[in-house]
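The values are calculated or read from the model by the stated rules, or taken from the named source; none is laboratory data. From a predicted model like this one, the values you see are computed outputs, not experimental measurements. No Cβ is skipped: glycine too gets one built from the backbone with ideal geometry, and neighbour counts run over all protein chains shown.
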Amino acid sequence: MLLAFTALLVFQLLGDVAVRMVALPLPGPVLGMALLFVALALYGRVPDHLKRLGIRTARALLSSQVAGAFAGIAMGLNALATALLLPMLWGLFANWF
């Protein structure tokens with residue numbers, strides 16, 4: 001597992017250094033993961049230690065990703081209710097008098 005984390009951090013560092021040297025409008029970790037993808041494509045397969053790390057990370061992060069999506073939906077509904085419901089209630093109240 002330590003080898004897999006080291007590989008990910010090395011590719012992230014390579015991407016960050018390349019972005020800063022060339023001044024690309026791209027986050028360094030994104031370029032690093034693209035470099036990792038190219039390296040794995042040239043290697044021909046994903047090593048077992050990276051597979052295990054990927055599976056563990058995906059399982060651990062899946063619930064947090066779903067929770068974030070639900071929080072975004074809830075915040076959006078709150079904003080929608082504030083933008084639409086309040087004027088509608090004000091109109092109903094003003095119509096009564």
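Can you name the helices (runs of 4 or more DSSP H) wholly within the chain that have at least 3 residues being within 23 Å of the chain's Cα centre (by Cα) and modelled with pLDDT of 70 or more? Please lay out each step first, then the result.
Values: elements: 2-22, 28-43, 48-80, 86-96.
Per the criteria, 2-22, 28-43, 48-80.
Output the qualifying pairs, or none if there are none: Cβ atoms under 7 angstrom, residues six or more apart or on different chains, first residue in segment 20-49 and surrounded by 10 or more Cβ atoms within 10 Å (Cβ to Cβ) and of a type in the set (Ser, Thr, Tyr), second residue at pLDDT 85 or above and part of a helix (DSSP H, G or I).
Note: no pairs meet the criteria.
Identify all residues within segment 16-35 that are closer than 18 Å to Thr57 by Cβ and touching a Leu at 6+ places or on another chain (Cβ under 7 Å); write none if there are none.
Gly32
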